[in-house]
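Undergrad: Shown below is the structure under consideration.
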Amino acid sequence: MPRAVTLYKSLIMTLDIKYCDITVVGLGYVGMPLAIALAKYFPVKGFDINQKRVSELSEGWDSNREIGQAQLRTSSCDFTDKVDDIKGSNIYIVTVPTPIDENNKPDLGAVSAATKMIGDVLKKGDIIVYESTVYPGVTEEICGDILEQGSSLKSGVDFFLGYSPERINPGDTEHTVENITKIVAGQNDEVADLLAEIYGSMNGGRIFKAKDIKTAEAAKAIENAQRDINIAFVNEITMLLNKVDVSAYDVLEAAGTKWNFLKFSPGLVGGHCIGVDPYYLAETATKVGHKSELILAGRKLNDDMGAYIAGRVDRYINRAKKTSNATDKTGANILVLGFTFKENINDIRNTKVIDLVNWLKEFGHEVDVHDPHAVVDDVKEFYGLDILSSMPSEAKYDCIVLTVPHQTYKDMGVGNLAQLLAGDNNSQAILYDIKGLWRKEKMPDNVLYKCL
C-alpha cells in the first residue's frame, strides 16, 4: 500500500484517507475489537508485546471472548509482536492500559513505553492517536515530549497528535466500537477531520469532534467519575437504610417509578474504568492546586464497600450462632459466588471481590470462591487466590455470598443453592445476596436471606 501523501502548507498537514496504514498498539479489550473493526476499511496491524496474546489471535482465538473465531479468522488484520513490522504505518493508535499504582496515583508506564517504541519508528507526517484514559495534558505534554525525544522530530510540525477516548464495555454486545459515538480531537482541524473520517468509516459517521485534545481527555475522565459518584451516593444510602432494616433494592425500585430518577445500584465498584478514572481527575486537581470535595469522597466510599459488606455478613453469621446457642468461636465456611468485576465476562481487572474475600478471612472465616468465567491461573497469578471453576457438590457452607450475577447463578435458583448450605431447622444458614437477585423468592426454612 502506498505511503501517506504528505503536503506541508503553513505547517498544516493533509493526509489522504485512501493511503492510511494503521497500527493499533495494545490488543486487549479495547485495542483488539478496534483493530478488527478498522481492518474492514484500512490496512491494519495489531501490535502487542505479549507473544502469547499475538499467537492466539493469529490462530483465531480471543481469550477475552470479545470477538468470535469466525470473525477473527476472516479478518485482514495482521497481528504481530515485532516492532519492525509496524515501521511502514502512518497512523498509530495507542490502546494500552492506564491503571493506578498502590498509592492510587496514575500509572503511565505502559503509555510511556508504547510511546517510546513508536518514537523509534516515527517519520514525518505520521499521526499518533491515544485512546487510553489519561488526565488532561498527558497526550501533548508528556507523550508529545517522549515522541520528540525518540524521533528528533517536532510535535505539531513533523508529526501530529490526536485523542479519541475508548468507550468499550467488556461483555456488552450492543455498545460495541462500531455502534457508539466516538469523540475525536487533533492538534489541528485537519488532523481532527482525518480522524473523524477514519473512525466514522467503521461506525456510520457517529463522530463528535471535541474542541481540542485536552477537552477530549477530560471528557473521558468525567464519564466514569460521574457514574462512580452516583453509585457512591446509592452505597451510602444503602448503609443508612440497612441500619433501619430496609432493603435498598426495595427503596430503589419504588423511587425508580419517577420519570427522572437516575437508576444506579449498590455494591462493589471495580473494573478498569469506574474504579480508576476518578484518580486521574484527582491528579489533575492536585497539579492545578484545586481541592476536590467530591471526586475522591465518592471513590473512598466505594473502595470501602468490600469491608462494609464483609462486616454485614460476619454480623449475620454471629447472630445465627447465638440463635442456635452455639458456643464455638471458630469461623464459618463461606462460599463466594463470582470473582470477575462484572457479570458474564472473564475480566478480573481491579475486581473488588478480592477486598470482600480478604475481609471475610480477616474476620476468621474460611472462604471458597467460585466463578464460571474467571481464568483460574490468572486469578492465582494476579491475586494469589485459588478459586473454584466448578460448583461444589457438598453441603458444607454456613453462608453463601452472591457477588456477581453471572447467568450461571441466575439459572441455578435458590433451591439448588440451598442444597450447598449446612443449615437446618435449629440453625439457619445465610444467603447474602449483594445484587438483590433473589429478594422476591421464597426461601427454604433452613435459609436466612439478606441483601443490601
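The values are calculated or read from the model by the stated rules, or taken from the named source; none is laboratory data. Please read all numbers here as calculations on a predicted model, not as lab measurements. Positions of Cβ are backbone-derived with ideal geometry, glycine not excepted, and every protein chain shown enters the neighbour counts.
Undergrad: Working only within segment 353-369, note down all residues that are aliphatic (A, V, I, L, M) and within 20 Å of Glu343 (Cβ to Cβ).
TA: Those that are aliphatic (A, V, I, L, M) and within 20 Å of Glu343 (Cβ to Cβ): Val353, Ile354, Leu356, Val357, Val369.
Undergrad: Could you count how many residues in segment 170-187 are surrounded by 16 or more Cβ atoms within 10 Å (Cβ to Cβ) and either polar (S, T, N, Q) or not assigned by TED's automatic domain parsing to the domain that holds Pro97 (or both)?
TA: Qualifying residue count, segment 170-187: 2.
Undergrad: Under 8 Å by Cβ, and 6 or more places apart or on different chains, what pairs join a residue from segment 181-209 that is part of a helix (DSSP H, G or I) with one that is of a type in the set (Asp, Glu)?
TA: Hits for this filter: Met202/Glu178; Asn203/Glu178.
Undergrad: Search segment 124-160 for residues being touching an Asp or Glu at 6+ places or on another chain (Cβ under 6 Å) and in a strand (DSSP E or B), and hand back the single one that is farthest from Thr215 (Cα to Cα).
TA: Phe159
Undergrad: Follow-up question, since we're still on this one. Filter the helices (runs of 4 or more DSSP H) completely within segment 10-106 down to those with at least 3 residues that are surrounded by fewer than 23 Cβ atoms within 10 Å (Cβ to Cβ) and at pLDDT 95 or above.
TA: By residue number, 51-58.
Undergrad: Continuing with the same structure: Kindly indicate whether any position in segment 293-301 is within 17 Å of the chain's Cα centre (by Cα) and of a type outside the set (S, T, N, Q).
TA: Yes.
Undergrad: Could you please find all residues in segment 40-49 being hydrophobic (A, V, I, L, M, F, W, C) and out of contact with any Lys or Arg (no Cβ under 9 Å at 6 or more places or on another chain)? Don't jump to the end; show me each part of the working.
TA: Step one: list which residues in segment 40-49 are hydrophobic (A, V, I, L, M, F, W, C), which gives 42, 44, 47, 49.
Result: Phe42, Val44, Ile49.
Undergrad: Any chance segment 383-398 includes a residue that's surrounded by fewer than 19 Cβ atoms within 10 Å (Cβ to Cβ) and assigned to a helix (DSSP H, G or I)?
TA: There is at least one residue in segment 383-398 that is surrounded by fewer than 19 Cβ atoms within 10 Å (Cβ to Cβ) and assigned to a helix (DSSP H, G or I).
Undergrad: Taking the options Asp368, Asp355, name whichever one is modelled with pLDDT of 95 or more, outside any loop (DSSP other than H, G, I, E, B), touching a strand residue (DSSP E or B) at 6+ places or on another chain (Cβ under 6 Å) and within 20 Å of Leu268 (Cα to Cα). Reasoning before the result, please.
TA: On the way: Asp355 fails: touching a strand residue (DSSP E or B) at 6+ places or on another chain (Cβ under 6 Å).
Result of the check over Asp368, Asp355: Asp368.
Undergrad: Taking segment 112-139 as the region of interest, how many residues are of a type outside the set (A, V, I, L, M) and surrounded by fewer than 19 Cβ atoms within 10 Å (Cβ to Cβ)?
TA: 6
Undergrad: Starting from segment 285-305, keep only residues that are among the basic types (Lys, Arg), then list their pairs with residues that are assigned to a helix (DSSP H, G or I) and surrounded by 14 or more Cβ atoms within 10 Å (Cβ to Cβ) whose Cβ atoms are within a distance under 8 Å, requiring at least 6 positions of separation or different chains.
TA: Hits for this filter: Lys291/Ala285; Arg299/Asp228; Arg299/Ala232; Arg299/Pro278; Arg299/Tyr279; Arg299/Ala282.
Undergrad: Which one is nearest to Asp107 (Cα to Cα) among residues in segment 137-164 that are polar (S, T, N, Q) and touching a residue at least 40 places away in the same chain (Cβ under 8 Å)?
TA: Thr139
Undergrad: Identify, by number, the condition in (1) in a loop (DSSP other than H, G, I, E, B); (2) out of contact with any Leu (no Cβ under 9 Å at 6 or more places or on another chain); (3) among the acidic types (Asp, Glu) that Glu166 doesn't meet.
TA: (2)
Undergrad: Right, here's the next one. Of all residues in segment 154-177, how many are charged (D, E, K, R), at pLDDT 90 or above and over 19 Å from Ala221 (Cα atoms)?
TA: Number satisfying all stated conditions: 2.
Undergrad: Exactly one of these conditions fails for Gly413: (1) on the phi < 0 side of the Ramachandran plot; (2) at pLDDT below 90. Give me its number.
TA: For Gly413, the failing item is (1).
Undergrad: If you don't mind, another one. With the structure loaded, tell me whether Thr115 is in contact with a Cys (Cβ under 7 Å, 6 or more places away or on another chain) and either part of a helix (DSSP H, G or I) or of a type in the set (Gly, Ala, Ser) (or both) or whether it fails that test.
TA: It is true that Thr115 is in contact with a Cys (Cβ under 7 Å, 6 or more places away or on another chain) and either part of a helix (DSSP H, G or I) or of a type in the set (Gly, Ala, Ser) (or both).
Undergrad: Now a separate question. Among the residues of segment 203-241, write down those that are more than 19 Å from Gly298 (Cα to Cα) and out of contact with any strand residue (DSSP E or B) (no Cβ under 9 Å at 6 or more places or on another chain). Steps first, please.
TA: As a first pass, look at segment 203-241 and keep what is more than 19 Å from Gly298 (Cα to Cα): 203-217.
Those that are more than 19 Å from Gly298 (Cα to Cα) and out of contact with any strand residue (DSSP E or B) (no Cβ under 9 Å at 6 or more places or on another chain): Gly204, Gly205.
Undergrad: Can I ask one more? Using the structure shown, decide if Ala216 is surrounded by 15 or more Cβ atoms within 10 Å (Cβ to Cβ), hydrophobic (A, V, I, L, M, F, W, C) and under 22 Å from the mean Cα position of the chain (by Cα).
TA: Considered against the rule, which asks whether it is surrounded by 15 or more Cβ atoms within 10 Å (Cβ to Cβ), hydrophobic (A, V, I, L, M, F, W, C) and under 22 Å from the mean Cα position of the chain (by Cα), Ala216 comes out as yes.
Undergrad: Restricting attention to segment 400-416, which residues are under 29 Å from the mean Cα position of the chain (by Cα), not basic (Lys, Arg) and not in a loop (DSSP other than H, G, I, E, B)?
TA: Passing the criteria: Ile400, Val401, Leu402, Gln407, Thr408, Tyr409, Asp411, Met412, Gly413.
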